[in-house]
Amino acid sequence: MNLYLRYFDKETLVNNVEDALDFLSSIPEIDLDDDLADDIREYAESDVYYPKRYKVRPRVYFIIIKTEAATMLDFKQKKALRTVAPIDGRESVAPVLVRLNEEREGWYEGALDFKRVVMIPATGKHEYRDTHFVAQCKAISGIDCYNRIVDYLRSRVDGRSQFPSAKGKNFKFRFLGYCK
C-alpha cells in the first residue's frame, strides 16, 4: 500500500510511513509533532481507505490518500482504484446496498439518528435536536425496516424534522429472526 500526500502544489507518492514523515518534515509550515506522526502511522496501518486530511492552520490542510498505484502517473490516471468485486456476474454494488436490499422476511431492529424539530416552551421557538430512535418491526429487508420506521416517525414528529439516508451511518439494522 502506497501513500499519496499533498500540501498545495507539493505532492509525493511514497511506499512507507517514514518517507511520508520525511516529506512532511521538509515543509516548514507543517509542525510535525509526535502525536501527528503517531496518527499518520495509525492511519497507514488501519483498514480505512478514505482520504485523511490534517489541519495545518485555519482552512489550510494537507491530505493523505492510500493507493495501490505504483507511480505518480498511475495515481493521476486513476489506474489503481479500489473496486468492489462483482456479485454473481452482475454489476458491482456497494456492500451496504447489498445488505440493505437483501430480502429476508422476519423481525428487524432498526436504530435511526435524526434531527427532530422541537419547541422550546420558554421562548416558543423551535430548534433541531439530535434524536436516537430504536424500533423492532416486521419487515422483508433492511430498507423495508428503514421505510417503516421513517413512516412511523413522520406521522408523529414535526414535518420539518430531517431523516438520514438509509445508506448512511445514521441508520443501523440487524435481523432478529424469522416470523412464525
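Accessible area per residue of the chain at 1.4 Å probe, in Å²?
On the way: 12500 Å² over 180 residues.
For the chain, the per-residue accessible area is 69 Å².
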Counting other Cβ atoms within 10 Å, which chymotrypsin sites (Phe, Trp or Tyr not before Pro) in region 108-180 have at most 15 and lie in a DSSP loop? Y178
Those aspartates and glutamates that a straight Cα-Cα span of less than 15 Å connects to K66, excepting residues fewer than 8 apart in one chain: E11, E18, D19, D39, E42, E45, D47, D74
For region 1-85, what does the alpha-carbon gyration tensor say about shape, rounded, prolate or oblate, given a ≥ b ≥ c as the root eigenvalues, a/c under 1.5 as rounded, and a/b over b/c as prolate? prolate
How big is the accessible area of L176 in square angstrom, nearest 10, if you roll a 1.4 angstrom probe over the protein chains? 70
With every protein chain in place, the accessible area of H126 for a 1.4 Å probe, in Å² rounded to the nearest 10, comes to 90
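Just to verify a number: FRET efficiency for E105 and H132, C-beta to C-beta distance, R0 = 30 Å, to 0.05?
Numbers: r = 26 Å, r/R0 = 0.88.
The value I calculate is 0.70.
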How about K138: which lysines have a C-alpha closer than 17 Å to its C-alpha, ignoring those fewer than 8 places off in the same chain? K172, K180
For a Förster distance of 22 Å, can you work out the FRET efficiency between the beta-carbons of L32 and K172, rounded to the nearest 0.05? 0.05
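Taking 0.36 nm per residue of sequence separation and subtracting the Cα-Cα distance, how much length would be gained by fully extending the chain between T71 and S155, in nm to one decimal?
Computed gain between T71 and S155 is 24.7 nm.
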Let a ≥ b ≥ c be the square roots of the eigenvalues of the Cα gyration tensor of region 136-180; is it rounded (a/c under 1.5), or, if not, prolate (a/b larger than b/c) or oblate? oblate
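Rg/Rh for region 1-50: what does it come to with C-alpha atoms and Rh from Kirkwood? List each step's numbers first, then the result.
Working: Rg = 10.6 Å, Rh = 11.3 Å.
My calculation of the ratio gives 0.94.
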Given the protein chains as shown and a 1.4 Å probe, how many square angstrom of S161 are accessible, to the nearest 10? 10
Using a 1.4 angstrom probe on heavy atoms only, work out the carbon and sulfur share of the accessible area of the chain in %. 49
What is the P(r) of the chain, as percent of Cα-Cα pairs per 5 Å bin from 0? 1, 7, 12, 12, 10, 10, 10, 12, 12, 9, 5, 1, 0, 0
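Set the Förster radius R0 to 35 Å, insert the Cβ-Cβ distance between D22 and V48 as r into 1/(1 + (r/R0)^6), and round the FRET efficiency to 0.05.
Details: r = 23 Å, r/R0 = 0.64.
Efficiency, rounded to the nearest 0.05: 0.95.
How much mean residue ellipticity at 222 nm does the chain get from its helices, if each DSSP H run of length 4 or more adds -39500 (n - 2.57) and you divide by all residues, to the nearest 500 deg cm²/dmol? Don't skip to the end; give the middle numbers.
Details: 5 runs with 46 residues, N = 180.
Calculated mean residue ellipticity at 222 nm is -7500 deg cm²/dmol.
Can you tell me the dipole magnitude for the chain around its Cα centre, using point charges on the Cβ only (Lys, Arg +1; Asp, Glu -1), in Debye to the nearest 20? Each step should come with its number before you reach the end.
On the way: 30 positive and 29 negative charges, 261 e Å.
It comes to approximately 1260 debye.
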Rank H132, V118, F175 by how far each Cα sits towards the positive end of the charge dipole of the chain (+1 on Lys, Arg Cβ; -1 on Asp, Glu Cβ) and give me just the farthest. V118
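Whenever you get a sec, line up I65, I149 from highest to lowest accessible area (probe 1.4 Å, protein heavy atoms).
Details: I65 35, I149 5 Å².
Putting I65, I149 in descending order of accessible area: I65, I149.
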Positive-end extreme of charge dipole, region 1-85 - chosen from I65, V48, Q77 (charges on Cβ): Q77
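The values are calculated or read from the model by the stated rules, or taken from the named source; none is laboratory data. Only a predicted model underlies this, so the values are computations on that prediction, with no experimental measurement involved. FYI the Cβ positions are ideal-geometry reconstructions off the backbone, even for glycines, and counts take in every protein chain you see. Accessible surface areas use protein heavy atoms only, side chains included; no ligands, DNA or RNA. Shrake-Rupley method; radii C 1.70, N 1.55, O 1.52, S 1.80 Å.
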